[in-house]
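Report on the structure given below.
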Amino acid sequence: LNAGQLAFPFRRFQIGKVYRGERAQRGRFREFYQADIDVIGDGALDIINDAEMPSIIYRAFTALGLRRFVIRINNRKLLSGLFALMGVETEKAGDVMRIIDKLEKIGREKVAALLVELGLAQDKADALLDLLTCSDRGEDPLQQLDAFASQNEQFDAGLNELRTVASLMAGFGVPETHFKIDLTIARGLDYYTGTVYETHLLDHPEIGSICSGGRYDNLAGYYTDRKLPGVGLSIGLTRLFFVLQDQGYLSPSLLTAPADVLVIPMTEDFAPAVQLATALREAGLRTQIYSENKKFKARLQYADKLGIPFVVFLGEDEINSGKITVKDMASGEQTTASPTMLISGMLQRVAALREGAPIRDKGGE
């Protein structure tokens, strides 16, 4: 491992492609983009990091323009201790956790049946589900959990962590309207050891969780004897934006093209086009050169299909006069002038196109 070269706590983030072996269906893909954020400690990692993660979700989503979402938090230590207090055998705690994680998908009745099938008495299964769903009835989960305090060490540790995380989240600026303690959040992966999160869009419950994660104190133990506890979360970007686009929530005016300008050479000599493209890039405009020998209409269709806002034509007249011709693809307006003058205008227009949130408010619809 490269741990000896890192400064701890080690913070990392990345956005990239990931792969999952599941059945491809609407909104679910085998290959998709995911944003990951993690903090890794050396030997120990303070609980404050568990609280900072939801604040990152809150700020990222509000910056995107998302308004109606809730971050649901829980603690797996608390659940494990609670299961023990309810008479669940230690070796079955993981199975119970995975069953509880299905509550939203299959409903209470089927979850209760699975718990009974696993060996819980019907009254114990009902009591457990009553407690886990107490927030649905408007009850305060922390108050309900206090009745079980001082009976199980693991439960007490989890309850203290959950209370601390909820308190610190408010200090990090996450409003109470955007997070809730939800005792049904378990996460199906066994490597989570403490805090767990799920994030849901209130207007799109059909999407499920769009951002999940939690605390994993022992995950690095698969690769090293060094204790490297961590906490992290992932946002399924492809899934999120697929649904938002399908629902018409993505702003149609926001610039998402791979380039700001497409330079179309109108002569066989590409040298002037290369020179111009270099100047445009140095000025801060993302630029492509169209090098295919196709009809004029096909060249414009290329820019239109990619959403490139400006096309620059460079023919003999422009080369001889030291000017360029720019076509605004949105308005259809065409202007011939010096590169300096037109570059300034394009920069201003591109800056305007990049402003605003990618997700538009449809609250009035």
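Here ASP130 fulfils each of the conditions (1) under 19 Å from ARG76 (Cα atoms); (2) acidic (Asp, Glu); (3) within 30 Å of the chain's Cα centre (by Cα) apart from (3). For the stretch 65-74, does any single residue satisfy the condition of being within 12 Å of the chain's Cα centre (by Cα), surrounded by fewer than 16 Cβ atoms within 10 Å (Cβ to Cβ) and not basic (Lys, Arg)? Taking every residue of the stretch 65-74 in turn, none turns out to be within 12 Å of the chain's Cα centre (by Cα), surrounded by fewer than 16 Cβ atoms within 10 Å (Cβ to Cβ) and not basic (Lys, Arg). Applying the criterion of being touching a His at 6+ places or on another chain (Cβ under 9 Å) and of a type in the set (A, V, I, L, M) to the residues of the stretch 202-223, the residue that is surrounded by the most Cβ atoms within 10 Å (Cβ to Cβ) is ILE210. The set of residues in the stretch 183-200 being crowded, with 24+ Cβ neighbours inside 10 Å and of a type in the set (Asp, Glu) consists of GLU198 alone. Going by the structure shown, is ALA149 part of a helix (DSSP H, G or I) and either of a type outside the set (Asp, Glu) or farther than 17 Å from LEU183 by Cβ (or both)? Spelling it out, it is not the case that ALA149 is part of a helix (DSSP H, G or I) and either of a type outside the set (Asp, Glu) or farther than 17 Å from LEU183 by Cβ (or both). Within the stretch 304-313, the presence of at least one residue that is within 21 Å of THR256 (Cα to Cα), buried (at least 16 other Cβ atoms within 10 Å of the Cβ) and either among the aromatic types (Phe, Trp, Tyr) or without any contact (Cβ under 8 Å) to a residue 12 or more places away in the chain (or both) is confirmed.
Could you please find all residues in the stretch 325-352 being at pLDDT 95 or above and basic (Lys, Arg)? Residue satisfying the conditions is LYS327 alone. Which residues, counting only those in the stretch 170-180, are under 20 Å from the mean Cα position of the chain (by Cα) and either at positive phi or not charged (D, E, K, R) (or both)? Matches in the stretch 170-180: PHE172, GLY173, VAL174, PRO175, THR177, HIS178, PHE179. Of all residues in the stretch 210-240, those that are in contact (Cβ under 8 Å) with a residue 12 or more places away in the chain and part of a helix (DSSP H, G or I) total 6. The set of residues in the stretch 84-98 that are closer than 16 Å to GLU153 by Cα and either within 31 Å of the chain's Cα centre (by Cα) or of a type in the set (S, T, N, Q) (or both) comprises THR90, ALA93. None of ASP190, ASP156, ASP130 is at pLDDT below 95 and in a helix (DSSP H, G or I) except ASP130. Within the stretch 241-272, the set of residues being in a loop (DSSP other than H, G, I, E, B), free of Cβ contacts under 8 Å to residues at least 24 places away in the same chain and touching a strand residue (DSSP E or B) at 6+ places or on another chain (Cβ under 9 Å) comprises just one member, PHE270. Entry remark, the stretch 193-205: residues being more than 13 Å from the chain's Cα centre (by Cα) and under 28 Å from GLY94 (Cβ atoms) number 5 in total. For the stretch 269-283, the count of residues that are surrounded by fewer than 20 Cβ atoms within 10 Å (Cβ to Cβ) and within 14 Å of ARG349 (Cα to Cα) is nonzero. A search for C-beta distances below 9 Å between a residue of the stretch 13-38 that is within 17 Å of PHE241 (Cβ to Cβ) and in contact (Cβ under 8 Å) with a residue 40 or more places away in the chain and any residue that is polar (S, T, N, Q) and assigned to a strand (DSSP E or B), counting only pairs 6+ apart in sequence or on different chains, returns ILE15/GLN34; GLN34/GLN14; GLN34/SER234; ALA35/GLN14; ALA35/SER234; ASP36/GLN14; ASP36/SER234.
Return a yes/no flag: does the stretch 186-202 have any residue that is in contact with a strand residue (DSSP E or B) (Cβ under 6 Å, 6 or more places away or on another chain) and at positive phi. Yes - at least one qualifying residue is present in the stretch 186-202.
The values are calculated or read from the model by the stated rules, or taken from the named source; none is laboratory data. Just so you know, these numbers come straight off a predicted model, no measurement behind them. Virtual Cβ from ideal backbone geometry, glycine too; neighbours counted across all protein chains shown.
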